[in-house]
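Asker: Could you have a look at this structure, given as structure tokens, before my questions?
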Amino acid sequence: MNANALTLDALITRTGIEIFDYLERSITIPVTDQPQAQGDLIVVPSEMLAREVTERHPEPGSMGYAPPGWFSTTRDVGPTGIEVLRSAAGGNPHTLVADPGTCTWTTGVVDLRGLALGIVANSAAAYLIHPEHGASGIAPGRYVIRRQRELGFAGGGVMLVAD
């Protein structure tokens with residue numbers, strides 16, 4: 001998936017993942033290496049969260065220590081995608097897609113705040129697609145995909161964003 005002027009329509013054609021009709025399909029999908037949000041998810045460069053998020057490791061004493069059987073699972077991401085999260089309201093999925101051999105998705109991460117869903121490592125642009133939000137592009141690099149939080153109104157407190 002070439003990051004040069006990829007339109008939403010071209011991405012839909014390549015992946016077969018549909019979006020809602022009200023979204024403009026001719027729009028060029030922005031690709032960025034900066035933090036970006038899509039509904040109830042946020043994509044953050046991993047170096048910004050290096051003290052909070054790590055892959056699980058078998059070494060006792062490491063921040064990401066996990067007993068045997070709890071190690072990270074890494075999968076290749078392709079054009080059909082990997083569902084990262086299914087949204088709470090309406091059940092629409094956030095799907096990570098990429099060209100074959102250019103992107104991996106690692107689960108089994110340790111996040112001191114308990115928000116991380118996984119780590120994306122990509123050598124070419126990867127995309128998050130959501131039926132309501134369209135798509136956003138992730139520049140080559142390494143990123144943590146986390147749930148977003150917000151302050152609650154009734155009774156205060158922090159709660160997960162429900163998209």
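The values are calculated or read from the model by the stated rules, or taken from the named source; none is laboratory data. Here the structure is a predicted model, which is why all the values come from computation and not from measurement. No Cβ is skipped: glycine too gets one built from the backbone with ideal geometry, and neighbour counts run over all protein chains shown.
Asker: With the structure loaded, tell me whether residue 81 is at pLDDT 85 or above and crowded, with 17+ Cβ neighbours inside 10 Å or whether it fails that test. Please lay out each step first, then the result.
Answerer: On the way: at pLDDT 85 or above: yes; crowded, with 17+ Cβ neighbours inside 10 Å: yes.
Against the criterion (at pLDDT 85 or above and crowded, with 17+ Cβ neighbours inside 10 Å), residue 81 qualifies.
Asker: Okay, next question. Scan the range 43-61 residue by residue and report those that are at pLDDT 95 or above and either touching a Ser or Thr at 6+ places or on another chain (Cβ under 7 Å) or within 27 Å of residue 91 (Cα to Cα) (or both).
Answerer: Those that are at pLDDT 95 or above and either touching a Ser or Thr at 6+ places or on another chain (Cβ under 7 Å) or within 27 Å of residue 91 (Cα to Cα) (or both): 43, 44, 45.
Asker: Can residue 90 be described as modelled with pLDDT under 85 and surrounded by fewer than 13 Cβ atoms within 10 Å (Cβ to Cβ)? Walk me through it before giving the result.
Answerer: Details: modelled with pLDDT under 85: yes; surrounded by fewer than 13 Cβ atoms within 10 Å (Cβ to Cβ): yes.
Yes: the conditions hold for residue 90.
Residue-wise test of (1) closer than 26 Å to residue 7 by Cβ; (2) under 12 Å from the mean Cα position of the chain (by Cα).
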residue: 86; (1), (2): yes, yes
residue: 91; (1), (2): no, no
residue: 94; (1), (2): yes, yes
residue: 99; (1), (2): yes, no
residue: 104; (1), (2): yes, yes
residue: 108; (1), (2): no, no
residue: 112; (1), (2): no, no
residue: 119; (1), (2): no, yes
residue: 126; (1), (2): yes, yes
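A quick yes/no check of all residues on (1) farther than 14 Å from residue 34 by Cα; (2) exposed (fewer than 15 other Cβ atoms within 10 Å of the Cβ); (3) at pLDDT 95 or above:
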position	(1), (2), (3)
106	yes, no, no
114	yes, yes, no
131	yes, no, no
143	no, no, yes
148	yes, no, no
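Asker: Which residue pairs have Cβ atoms under 7 Å apart, sit 6 or more places apart or on different chains, and have a first residue in the range 101-112 that is touching a residue at least 60 places away in the same chain (Cβ under 8 Å) and a second that is surrounded by 17 or more Cβ atoms within 10 Å (Cβ to Cβ) and among the small types (Gly, Ala, Ser)?
Answerer: So the pair list comes out empty.
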